[in-house]
Structure formats: C-alpha cells, structure tokens
Amino acid sequence: MVPSSKLLSSNSIAFLKGKRNLLAFSAGVDSSALFFLLIKHQITFDIAIVDYGMREQSKDEVAYAEVLAQKYGKSCFIKEVKIDESNFEARAREARYRFFEEIIAKHRYDTLITAHQLNDRLEWFLMQLSKGAGLVELLGFDEIEERGSYRLVRPLLFTSKDNLIEYLHTNAINYFIDKSNSDPKYRRNYFRVKFADPFIKEFGEGVKRSFAYLATDKKRLFSPRLLQRIENLLIYQRGADEIEDMRIIDIGLKSLGYVASSAQKGEIVRQGEGVIGGTFAVVLKGDKIYLSPYSKVVMPKAFKERCRERNIPRLIRPYLFESSIDLSIFDAL
C-alpha cells in the first residue's frame, strides 16, 4: 500500500499552500480521494461540480458534494447544463471549464485543481500516439500549467487509480462510479479500459518513471523563448519550423486562458496571422510570434502611424491602444 503522504505530488503541495484554490469535483474516485488528501495536507480549497443531467445518479453526486462542503466548511458551486449527445465529451469539457473560469474570475481564485491521475496520463499518451504526435503532444498534461489569470494544478499525475481506490477503501470514504466511463462508444473510454488501466496495473512503477524522464526531456528539447510580456501581450521568438510555431502558439494561448484546436493553430501558421475563437489575435511576422486579445477599438490616425513606423503587426495594434501599452518596447525587439 502506498502511504497517503506519497499520493500527492510534493511540488503541487508546496505550490498550493497559501493560495485560493478551487477543486473541480465530480464525486468519483479521483476527485473524492483528492478532496480528502488536500484536507490531510492542510490545503485550503472550495469545490465546483457540474451536473449534465445525463444520469439519474448525478443528483446524488451533487448532493454528496454539498454534504462534504457543509461538513468541511467549503463553498460549493453547482452548475446544471444540458448538452447535446453529439460530440458530448468535447462539449462537456468546454462547458465545465467555462463554468470553472467564471467562478475563478468572480471569486478571485489563484488555481484550479483537477484530479487527473496516472491512468489518465497514459490514456492521453496512447490516444495521441494512435493519431500521430510528437513528444510535446504525447505528454500533454503538465503538473502546473499557466492558464491566463489562474494556474491549473494536477497533483495526482504520478498516482494510479488503484492507489486512489485503495486509499478510499482504507479510510472508508464514499465515492460514486460513473458507469458511462466504461462505455466504449467514447474514444477515451476505449483506450482506458482496453489499454491504459491494464498496463498501469502491471507496469505502473515503470510508467511513473518514464513520464518523469520524458517530462525532463521535454523541457530540454522544447523551451519557448518569451521575449516580452506586458499585460496580455505576448511576444515569442519563432520556432525552428511550423511544428514548433504551433507549439509556441499553443503555450501562449493557454497562458492567456484559451485552448486552441490543432486545426485552429495549423490555419494560423499557414496564413501567418488570424483571430482564434473571435477572442485572440495571433501573428507570425519575421522571427517573432505575437499574441494578444483581439480588439476592434477605433484608433486615432497618429497612433496607427506610430505603429506602422515600428512595423507592429496590424492585428495587435487595437489591443496596444486599448491597454495604453508603451510602443517603445518594440524599439528594443
């Protein structure tokens, strides 16, 4: 049995201490275990849960979240959403994170804690491997990730689901089983049930070590160079090729709070500039990549002329004007 003190990452524990934390809760194995592990490590947090109304059991899961919150002095945020079954997983994720980010903005949380664990990590790895992916895409999950105004923290990435179940049973902690998580009609479930879970069960310790080594290799092989950040304006050094440019755009957009699809990033790289999701402007110009919120504010002629003289990309100019950013920063680039 793995000691409960070893189930949470020490890096995450140190990072979360003293911050305003929000836990994405579902009442399942992973988030139920994480709830009590955070308490054990004296990390303060509140919880948020989404009810998609797809299962009768979901009402019981929400009620359990409310009971835990009341018992342990947590705020509990609840959202009911109805989602079309077409492309359900993607739509549910989008709705879920939109809700979490609304709470974070309104109540000024510093972090969003999610209960992704080792099985999830291998599952993602295999899904990306099946489609064709490089090292950065294969690894996918980072333990601590910048997301705009908050940090996404995954403290269980080196803990297997079996270890979490063992912890719950040993401590007589209630949790729910979502039977839809075993439904093979969802691609993720197919990889989980057929490949990831059995492999972790037999080779879990080796998988942990491999992910640790790969994370180190990822940092060595791919370290985007951020030349300048002022408010939400980001300027990066271009990558060695189109693949690196797409990865830089991905990292930059995530730091601004937006997760772009591969198709969106690929189109931007092909066109050299564009607006993603009607929200963020991205420009590849010369040896630099520029990212900023997209704005349509009307600029005075004199400001536009100053931008033109400095060769500042057209799409980011409105944001510079709106945010009163000193254009002299571009003189040193």
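Taken together, the values in this text are just the output of simple stated rules run on the coordinates, not laboratory data. Values in this document were obtained by computation on a predicted structure and should not be read as measured data. Here the Cβ positions follow ideal geometry from the backbone for every residue, glycine too, while neighbour counts run over all protein chains shown.
Structure values in brief
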read-out	value
Electrostatic dipole magnitude of the chain [Cβ: Lys, Arg +1; Asp, Glu -1; Cα centre; debye, to 20]	600
Tail weight of P(r) past 38 Å, computed on alpha-carbon pairs of the chain, percent	21
ARG308-SER10 pseudo-label distance in nm [points 7 Å out on the Cα-to-Cβ vector]	6.0
FRET efficiency, ILE230 to ALA263 (Cβ-Cβ, R0 41 Å, nearest 0.05)	0.90
Cβ-derived FRET efficiency at R0 30 Å, LYS131 paired with LEU221, nearest 0.05	0.90
Fluctuation leader among LEU253, LEU152, LEU233 - the chain, Gaussian network, Cα springs under 10 angstrom	LEU233
Residues of type aspartates and glutamates that LYS219 reaches as a straight line, Cα spacing below 14 Å, ignoring anything fewer than 8 places off in the same chain	GLU137, ASP142, GLU143, GLU145, GLU244
Considering only the chain, percent of DSSP beta bridges that pair antiparallel, nearest 5	60
Rounded FRET efficiency, nearest 0.05, which uses the C-beta distance separating PHE36 from ASP178 and R0 of 25 Å	0.85
For GLN228, distant residues with modelled amide H under 5 Å away	ILE235
Over the chain: helical MRE at 222 nm, DSSP H runs n ≥ 4 each giving -39500 (n - 2.57), nearest 500	-14000 deg cm²/dmol
Greater than 29 Å apart at Cα, pairs in LYS131/LYS185; LYS218/LYS304; LYS71/LYS194; LYS17/LYS208	LYS218/LYS304; LYS71/LYS194
Quarter of the Cα convex hull surface for region 99-238, i.e. its orientation-mean projected area (nm²)	11.3
Over region 13-127 - Rg/Rh using Cα atoms and the Kirkwood inverse-distance radius	0.96
Percent antiparallel among DSSP beta bridges (both partners in region 94-165, rounded to 5)	50
At 1.306 mPa s and 10 °C, Stokes D of region 65-107 from Kirkwood alpha-carbon radius, µm² per second	133
Those residues of region 108-144 whose amide nitrogen sits under 14 Å from the label point placed on PHE203, 7 Å along Cα→Cβ	122-123, 125-126
P(r) tail fraction, region 215-333 - alpha-carbon pairs more than 24 Å apart, %	24
Per-residue ³J(HN,Hα) for region 316-327, Karplus 6.51 cos²θ - 1.76 cosθ + 1.60, θ = phi - 60°, Hz, x for Gly and Pro	9, 4, x, 5, 4, 5, 4, 9, 6, 7, 5, 5
Of all DSSP beta bridges in region 226-332, antiparallel share, percent nearest 5	100
